[in-house]
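This report refers to the structure that appears directly beneath it.
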Amino acid sequence: MYTGTDRNIQFTAGLLQAALTTRNVEAIVSPVFDGPQIQTYAINLALGVKPEAVERLAGALALAANAESCRIARDPGRLLVEIPKPPKERKTLTATRLLRIKNESTWRVPLGVGTTGQVVWYDLADERMCHVLLGGTTRSGKTNLLRWMLFRLLLQNPARELQLLLLDPKGSELQPFAHVRHLLHPPEHNVEEIVRTLMWVDSTMKQRAIAGIRRPRILVVIDEIRNLVRSNRQVTKLVNSIAEMGAGEGIHLFCTTQQPGAKALGEAIANFPCRLLGRVSSRTLEYGAAGRGRSHANELLGRGDFLNITDTISRFQAPLVPMDLLDCLPQETNIRHLDLSALDPDGEPVGDVDPRGGWQRKDLDLDAVQEAVEAGTTAAVLGRQFSINFHRAQRLVEQFGGTD
């Protein structure tokens, strides 16, 4: 909470107050938090004043504060106005600051500092965060955030409790974890071998379901999944299967992509309850990336400025992770190898022969489905248009933000 007397912050609060007063909006503006990259102010509305009256004034408030943009978020009982600092005044959040924070569970990771100064947490054991999709443009900080999350989870949990699979087509982003003791298999970079590994995960998941085994947890990390999907159609089906059933069997997915959404993951996107979203390149892409409206992800500043999107949206600053910090993880020179030789990535695609409409159902043109839903098509009409049953059509309408 802000308790200082910095004249610049108080002066900006006065400018915001004046901007609202001249537009006949009854409210009280007060400073809340002076963060690494943004300053946050609270707006307490008078009785009867609708929040939309302030949200429409985002541009005017940015001008009043002499800022490049202004993001307005809803908080219980008030609005939060997030004003970017001038570029020269922006600072990084050090990992050391978060390392000192006490943790209630080994599965919890402090993602960073929120806009009101609170710590924003991620919890692998929480069903709302069982699978994670990290998105954002180049220099948004998604690779840095992924490394921080992996570092904390591996540091806090021994290899007997948490095992790791790294699927890294570029072969560079996850290199700092190439010899950690938690690895089940060396990092895979070849598309064919990545598909084999996902087939092994899918088979292991089903064996666990039969045997009732849920430990150790297995964390599968897939970097730039959209590129993999384009390279091999098996990837989408396997990820969809793992995302649907994996959490209940102790198997979790961390996937990164520059533009998260149905185009990257297909129908599997519905089974990723948590998105950590950095800056997107335009307002046009904002809705698809966030999976909902009014996220204003295009107004994020990059360099670790993120949204945590679950059943709510919270903004936070992720820490900068120095490479030497990652060297603290226990290393293993001789990484074990899974036996993937019997798995055929060129064989019959997963699920193409199931006529019953289960998870192995036929492919859809999801771009066409999204266009239909955004045009107002109901589930009943969508089902007839694409020859799918009503319940599946209804899920697709919900997935793409329509109403029925």
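Bear in mind that the values in this text are calculations on the coordinates, not laboratory data. Not measured: the values here are computed from a predicted model. With ideal geometry, Cβ positions are generated from the backbone for all residues, glycine too; neighbour counts draw on all protein chains shown.
Working from Cα pairs under 8 Å separated by at least six residues, relative contact order for the chain is 16 percent. Counting 0.36 nm for each residue step from Thr378 to Leu47 and taking away their Cα separation leaves a gain of 115.4 nm. Summarising the amide proton neighbourhood of Ile251: residues at separation of 5 or more, or on other chains, whose placed amide H is nearer than 5 Å comprise Ile218. Using the Karplus relation 6.51 cos²θ - 1.76 cosθ + 1.60 with θ = phi - 60°, the per-residue 3J(HN,Hα) values for the stretch 300-305 come to 5, 8, x, 6, x, 8 Hz, with x marking Gly and Pro. Compute the acute angle (0 to 90°) between the alpha-carbon long axis of helix 390-399 and the principal axis of greatest extent of the alpha-carbon atoms of the chain; round to the nearest 10°. Tilt of helix 390-399: around 40 degrees.
Once you keep just the Cα pairs under 8 angstrom separated by 6 or more residues, what percentage relative contact order results for the stretch 1-126?
Taking the mean separation of contacting Cα pairs over the length of the stretch 1-126, I get 21 percent.
Seen against the Cα atoms of the chain and their longest principal axis, helix 234-245 is set at about 70 degrees.
Taking the Cα centre of the chain as origin and assigning +1 to Lys and Arg Cβ atoms and -1 to Asp and Glu Cβ atoms, the resulting dipole is close to 940 debye. Projecting the Cα atoms of Thr310, Ala42, Val109 onto the charge dipole of the chain, computed from C-beta unit charges around the Cα centre, puts Ala42 farthest toward the positive end. The simple Förster model, with R0 at 51 Å and r as the Cβ-Cβ distance, assigns Arg56 and Asn190 a FRET efficiency of 0.50.
Antiparallel DSSP bridges in the chain: what percent, to the nearest 5?
Taking every DSSP beta bridge within the chain, about 60 percent pair in antiparallel fashion.
Take every Cα pair under 8 Å in the stretch 95-326 that's 6+ residues apart, average their separations, divide by the length, and report that relative contact order as a whole percent. Over the stretch 95-326, the number comes to 27 percent.
Extension gain, Ile335 to Asp34, is 103.8 nm, computed as 0.36 nm per intervening residue step minus the present C-alpha separation.
Note on the chain: GNM, Cα springs under 10 Å; of His185, His337, His131, the largest mean-square fluctuation is that of His337. DSSP beta bridges in the stretch 183-327, what fraction antiparallel, as a percent rounded to 5? Bridges in the stretch 183-327 that DSSP calls antiparallel: roughly 60 percent. Counting only other residues whose beta carbon sits under 10 Å from that of Arg74, what net charge do I get with K and R as +1, D and E as -1? Charge balance in the 10 Å sphere: 0.
Around Pro36, under 14 Å between beta carbons, what's the net of Lys plus Arg minus Asp minus Glu among the other residues?
Surrounding charge for Pro36 is +3.
Of the peptides 120-126, 212-218, the ranking by mean beta-carbon count within 10 Å, highest at the top, reads 120-126, 212-218.
Among Arg275, Arg283, Arg303, the residue with the largest mean-square fluctuation in a Gaussian network model of the chain, with springs joining Cα atoms closer than 10 Å, is Arg283. Taking Cα Rg over 2.2 N^0.38 Å as the quantity of interest, determine which of (1) 1.32; (2) 1.17; (3) 1.06 was computed from the displayed structure. Matching the structure shown: (3).
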